[in-house]
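Accompanying notes for the structure given below.
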Amino acid sequence: MKVLIVGKGGREHALSKIVKKSSLVTEVFIAPGNIGMKDIGTLVNVHEEDILNLVNFAEENKIDLTIVGPESSLSLGIVNEFEKRGLKIFGPTKESAMIETSKEYAKYIMGKYNIPTGKYRSFTEKEEAIKYLENQLLPIVIKEDGLKAGKGVTVAFSVEEAKEAVKKAFEIHENKIIIEEYLDGFEFSIIAIANENKIIPLEIAQDHKRIYDGDLGPNTGGMGVYSPVEKITKEVIDETVNKIMKPMLDGLIKEGTPFKGFLFGGIMLTKEGVKTIEFNARFGDPEAQGILPRLKSDFVKVILDILDKKETKLIWDKRKSLAVVMASSGYPDKYSIGEVVNIDGNIDGELYFMGVKEENKNIVTNGGRVLSLVCFGDTLEKAREKTYEEIKKINFKKMFFRNDIGLKMCYNSKNK
């Protein structure tokens with residue numbers, strides 16, 4: 001069968017790699033992809049937000065299955081358009097993707113269907129939001145509404161910091177912001193393959209959102225990840241599925257917008273149990289790079305099974321994985337592009353290309369997050385050592401990365 005992957009980043013690189021391994025797949029197309037994916041499949045020169053040309057391409061080339069990577073494509077209704085033409089596509093409709101595209105809507109659904117989350121209020125007036133902050137407990141979370149690619153969130157530890165975040169948020173997103181309770185605990189990511197009320201959770205990962213070592217600085221799209229997460233037991237996973245993931249799927253059915261695709265839960269394990277930080281309507285990045293290489297099952301068969309609502313069992317590599325993102329200095333704010341990426345020798349791991357393009361026959365930087373490298377080990381500590389050793393083979397001007405991905409968990413494991 002022919003499979004089309006929509007998107008161009010590290011998540012789509014990971015999706016296309018695992019799709020190519022499927023015994024069911026004869027051809028892989030990636031639209032638009034990037035130069036680092038050229039050996040996996042055919043790169044299609046159609047932007048991920050050009051919905052009309054994507055659906056035309058799929059129809060003309062008799063694509064059997066399309067898998068959507070980025071949230072921007074989902075927000076524009078790519079699934080709606082494909083389904084109108086009778087084309088098989090894995091992803092949520094524009095309406096069900098609102099659990100990611102509108103933070104206020106996600107909170108509304110969580111409240112209506114008793115899904116545990118932090119208390120919140122939404123504001124459309126800056127002065128009203130600033131006044132509200134004066135009587136709130138700290139720290140407190142300020143979120144810009146709408147799609148933010150994992151960014152647009154400030155955890156403020158003082159009233160002054162919170163007020164500045166509100167002012168900045170209204171400058172960027174004039175219509176609406178969310179102010180919500182800070183959830184204290186252990187954060188993890190759960191991603192499930194879902195279709196209406198049918199759900200198959202994948203293995204757990206922990207992302208590192210902050211830009212600097214020690215979880216300092218602004219939020220990013222993710223600077224590294226490891227999987228699985230030893231601290232998150234089967235009991236915690238079952239609680240998360242039963243109290244958060246399934247109720248969201250059931251709620252969306254009741255709302256008349258059943259969900260199909262990758263359901264992502266950003267979860268906090270608190271003293272009171274699991275609570276929802278956020279929902280996303282697609283696979284996370286870099287979670288995709290940390291989780292998918294460990295899946296031994298035929299990924300395309302799993303997706304086809306869930307589309308048919310069949311039972312399917314997942315088989316996992318028992319090794320641990322750890323991914324580190326290499327970014328351009330200045331990210332998540334202003335950063336330079338066009339720097340030549342040098343790779344010295346063979347990489348003993350999985351290298352995923354995120355923000356790159358080809359220029360004068362060289363691979364050059366073309367985004368804030370440029371590459372992610374994933375290595376494996378029988379223990380998390382071994383996977384971590386391997387990843388940081390292999391990173392020494394990669395360089396480009398103004399490259400930086402966090403040095404502490406998974407370090408805290410390795411330390412805790414040593415000192416049990």
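Per-structure values
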| item | result |
| --- | --- |
| Strands (runs of 3 or more DSSP E) (entirely within the stretch 213-301) containing at least 1 residues that are at pLDDT below 95, outside the structural domain of GLY368 (by TED's automatic domain parsing) and surrounded by fewer than 17 Cβ atoms within 10 Å (Cβ to Cβ) | 216-219 |
| The lone exception for GLU59 - which of (1) closer than 27 Å to PRO286 by Cα; (2) assigned to a helix (DSSP H, G or I); (3) modelled with pLDDT of 95 or more it fails | (1) |
| Inter-residue pairs, beta-carbon under 6 Å, first over 13 Å from GLN206 (Cβ atoms) and in the stretch 395-409, second small (Gly, Ala, Ser) and assigned to a loop (DSSP other than H, G, I, E, B), 6+ apart | LYS398/SER329; LYS398/SER336; PHE400/SER329 |
| Residue pairs meeting the criteria (Cβ under 9 Å; at least 6 apart or on separate chains; first within 25 Å of PRO32 (Cα to Cα), in the stretch 342-361; second part of a strand (DSSP E or B) and basic (Lys, Arg)) | MET354/ARG369; GLY355/ARG369 |
| Hits in the stretch 188-206 - residues which are crowded, with 18+ Cβ neighbours inside 10 Å and within 17 Å of VAL274 (Cβ to Cβ) | PHE188, SER189, ILE190, ILE191, ALA192, PRO201, LEU202, GLU203, ILE204, ALA205, GLN206 |
| Set LYS126, LYS112, LYS131: member being under 28 Å from PHE259 (Cα atoms), surrounded by fewer than 17 Cβ atoms within 10 Å (Cβ to Cβ) and either at pLDDT below 90 or not assigned by TED's automatic domain parsing to the domain that holds ASN280 (or both) | LYS112 |
| Residue selected from the stretch 202-212 under the condition at pLDDT 95 or above and among the charged types (D, E, K, R), by the criterion farthest from LYS234 (Cα to Cα) | ASP207 |
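Rundown of residues vs (1) more than 22 Å from ASP215 (Cβ to Cβ); (2) among the small types (Gly, Ala, Ser); (3) assigned by TED's automatic domain parsing to the domain that holds LEU292, yes/no style:
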| position | (1), (2), (3) |
| --- | --- |
| ALA327 | no, yes, no |
| LYS334 | yes, no, no |
| PHE353 | yes, no, no |
| LYS357 | yes, no, no |
| ASN366 | yes, no, no |
| SER372 | no, yes, no |
| ILE391 | no, no, no |
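One line per residue, one yes/no per condition, for (1) under 24 Å from ARG11 (Cβ atoms); (2) outside any helix (DSSP H, G or I):
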{"site": "SER96", "(1), (2)": "yes, yes"}
{"site": "ILE130", "(1), (2)": "no, no"}
{"site": "LEU137", "(1), (2)": "no, yes"}
{"site": "GLU180", "(1), (2)": "no, yes"}
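The values are calculated or read from the model by the stated rules, or taken from the named source; none is laboratory data. Bear in mind the structure is a predicted one, so any value in this text is a computation, not a measurement. Note that each Cβ is placed from the backbone with ideal geometry, even for glycine, and that neighbours are counted across all protein chains shown.
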